[in-house]
Amino acid sequence: MAQRDPEAPGQCCSYNVVQRRLPVLRWLPQYSLQWLQLDLLAGVTVGLTVVPQALAYAEVAGLPVQYGLYSSFVGCFIYCLLGTSKDVTLGPTAIMSLLVSSYAFHDPAYAILLTFLSGCIQLAMGLLHLDFLLDFISCPVIRGFTSAASVTISFNQVKNILGLHNVPRQFFLQVYHTFQRIGETRAGDAVLGMLCLAVLMGLRAMQGHLPRSHWVEPMSVRISRGIIWAVATARNALVVLFASLVAYSFQVSGSQPFTLTGETPQGLPPFQPPPFSKAEGNSTVSFSEMVQDLGAGLAVVPLIGLLESIAIAKAFASRNNYRVDANQELLAMGLTNLLGSFVSSYPVTGSFGRTAVNAQTGVCTPAGGLITGTLVLLSLAYLTSLFYYIPKAALAAVIICAVAPVFDARVFRTLWQVKRLDLVPLCVTFLLCFWEVQYGIVAGILVSGVLLLYTIARPRITLSEPGVLVVQPESGLHFPAVESLRDAVHKRALAVSPPRCVVLDCTHLSSMDYTVVVGLADLLQEFRNRGVTLTFSGLQGHVLQVLLAANLEGFQHFPSLEEAKKSLGAEQLPNASENVLPASGLIQ
């Protein structure tokens, strides 16, 4: 076999392109036995977490529990080849399950089609390098959505903790009916659910306060800490196993005080195309009708999935000092959903909880996902008959403990201290998400956009006085800001008696559009009519070229502010104090 010549530029360039598209080629040649041991440990640990969570999240999505497992293995294999983060694990999550519940009508056919279309959209965004669109979703909007999702998902599981049935899924109706029917609580479900909650919270707290082991400590101490860490990490699997054994013992004795998961189809999902039509009674729902029914979900689900996954990847990359390729993450996510739809998966994304477990276990490469995916497939092939005895109250406890940390009450205090105006999109998103998820997200993005446009339309300006008025915009000038700038100059220079000369210090001016050029031309004309001068200073090269090309009458430019002052006979002006105000507030 001919070897690649590293000196050949064409071969080197093509090989780098292949490496960028197949990140597995970066780490596979250096793979070692030590990495294999750590990846095996991480893969098994995450596998013990993903199986019970997958069953629980399918309940959140309003789908039969096996669909949670169907959604949990494709991402493990695809991300091993295409992922750029060693820590990230793809699979069902609480937030994505909530979105599926909102848009797929608790119908597997709609959920699978949503997966296929989401994958197509995500792949297209990756191929067209549209990952920058995610930058327009601000952090307050994300925090508002995730906090509302945490509350919604947690309260949605209260009915399972209490053993209530036929409770509506719409949040406000759910709250009303839950409190109205609280007298129908099943004692067995309530006791078991609260016990599972207490155990999960205790193990989580124990894991968070467990000190790191040191080699100088006695072997017995290190082994004890290792056992505690393993138990705390696999707490979801252990609690579900314990609850299932309790339920099975009652079943054997002839009584069953718990609500059980019930029959789960055994075996791997069939490999088949997603449903592009659906039979309903004596009629058929066509593909176009199904797409119309999915509606806003075709925008919300792909975007939120990408946002969640890329945010998690970047967060863990910054902790561990490596880089992730956002566009490559788009491709990995899109291909995962696209192929997942052929094995009856519902939309997946990066899981923060399982990614944290992966990182804490010391995973070295994405190969740990191969072990996790294999465990899921083995569970589907051989363990589904045992899922019958899993109490729904135990799964509800797993979900509540998984999503409760997502609610971050500290963000309200942080935004109050940093920028209070950012509380507006956060609160709008948070409140409207209880009504409809898409309304909350869209409203939050719109409010954030309005606030952003307001800062563009009302840029901050520095004013220096007395004598010649020096006006210094602190950023680019765009068309919404023209009238604001003209009003500010009018009130301080032309509306006073006698009128004053102005130096427009453009040191920080990075861009300018045609409307601004026209506005400056009008302003120059007004200054000439009043017999005073408007002078420009400190223009950057590309901005200066724009103004020169416009051939403005009376245009004067000087490289520095001092030269501009000297041209107006103001070289002896004292250094004046500066007032930094919005352009809309320059009236005294």
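The values are calculated or read from the model by the stated rules, or taken from the named source; none is laboratory data. Just so it is clear, the model here is predicted, and its values are computed rather than measured. Glycine also receives a Cβ, built like all others from the backbone with ideal geometry; neighbour counts cover every protein chain displayed. Areas reflect the complete protein model, heavy atoms only, side chains present, ligands, DNA and RNA absent. Shrake-Rupley method; radii C 1.70, N 1.55, O 1.52, S 1.80 Å.
3J(HN,Hα) couplings calculated from phi for the range 469-478 with the Karplus curve 6.51 cos²θ - 1.76 cosθ + 1.60 (θ = phi - 60°) are, in sequence order, 7, 9, 10, 10, x, 8, 7, x, 9, 10 Hz; Gly and Pro show x. Spin-label model, Leu128 to Gln525: label points 7 Å out along the Cα-to-beta-carbon direction sit 4.1 nm apart. Taking the protein heavy atoms of the range 91-238 in the context of the full set of protein chains, the accessible area attributed to carbon and sulfur is 71 percent at 1.4 Å. A cut-off under 13 angstrom between Cβ atoms defines the neighbours of Leu303, and their net charge, with Lys, Arg +1 and Asp, Glu -1, is -3. A straight line joining the Cα centroids of the range 427-500 and the range 269-347 runs 38 Å.
If you count, for each residue, the other Cβ atoms within 10 Å and average over each peptide, how do 151-161, 111-121 line up from highest to lowest?
Packing order, densest peptide first, comes out as 111-121, 151-161.
Working from label points 7 Å from Cα in the Cα-to-Cβ sense, the Thr414 to Asn16 distance is 3.6 nm. Pairs with C-alpha atoms separated by more than 32 Å, drawn from the list Lys314/Lys419; Lys491/Lys566; Lys278/Lys314; Lys159/Lys419; Lys278/Lys392, are Lys278/Lys314; Lys159/Lys419. Between the amide H of Thr349 and those of Gly91, Thr93, distances stay under 5 Å, these residues lying 5 or more places away or on another chain, with hydrogens modeled in the peptide plane.
Phi angles of the range 170-175 translate, via the Karplus equation with coefficients 6.51, -1.76, 1.60 and θ = phi - 60°, into HN-Hα couplings of 5, 4, 5, 5, 5, 4 Hz per residue; Gly and Pro are given as x. Between Gln292 and Glu280, the simple spin-label model (points 7 angstrom out along Cα→Cβ) gives 1.1 nm. Taking amide hydrogens as placed 1.01 Å from N in the peptide plane, the amide H of Leu260 sits under 5 Å from those of Lys392, each at least 5 positions away in sequence or on another chain. Efficiency by 1/(1 + (r/R0)^6): what FRET value for Gln251 and Arg323, r their Cβ-Cβ distance, R0 = 60 Å, to the nearest 0.05? For R0 = 60 Å, the calculated efficiency reads 0.70. Considering helices alone, the calculated mean residue ellipticity of the chain at 222 nm is -18500 deg cm²/dmol, with DSSP H runs of length four and up weighted by -39500 (n - 2.57) and normalised per residue. The C-alpha atoms of the chain define a longest principal axis, and helix 392-403 lies at about 20 degrees to it.
Tell me, what is the percent relative contact order of the chain, built from C-alpha pairs under 8 Å that lie six or more residues apart?
The normalised contact order for the chain reaches 23 percent.
In degrees between 0 and 90, to the nearest 10, how far off the longest principal axis of the chain does helix 368-382 point, with axes built from Cα atoms? Tilt of helix 368-382: around 40 degrees. If R0 equals 45 Å, the separation of the Cβ atoms of Leu421 and Trp27 corresponds to a calculated FRET efficiency of about 0.55. With all protein chains kept in place, the per residue accessible area of the chain amounts to 47 square angstrom at a probe of 1.4 angstrom. Helix 108-127 and the longest principal axis of the Cα set of the chain meet at an angle near 40°. Distant-in-sequence amide contacts of Ile461, defined by a placed amide H-H separation under 5 Å and a gap of 5 or more residues or a different chain, comprise Leu581, Ala583.
Under the rule a/c < 1.5 gives rounded, and otherwise a/b versus b/c splits prolate from oblate, where does the range 131-273 land using the Cα gyration tensor?
It comes out oblate by the Cα gyration axes.
Is the range 200-334 best put as rounded, prolate or oblate by its Cα gyration tensor, with a ≥ b ≥ c the root eigenvalues, rounded for a/c under 1.5, and otherwise prolate when a/b is larger than b/c, oblate when not? It is oblate, given that a/c is not under 1.5 and a/b is not larger than b/c. Summary value for the range 178-302: 23 percent relative contact order, contacts being C-alpha pairs under 8 angstrom separated by 6+ residues. The candidate values are (i) 0.97; (ii) 1.10; (iii) 1.19; the one derived from this structure for Rg/Rh (Cα atoms, Kirkwood Rh) carries the label (ii).
For the range 142-190, the relative contact order is 39 percent, taking Cα pairs closer than 8 Å that sit 6 or more residues apart in sequence and dividing their mean separation by the residue count.
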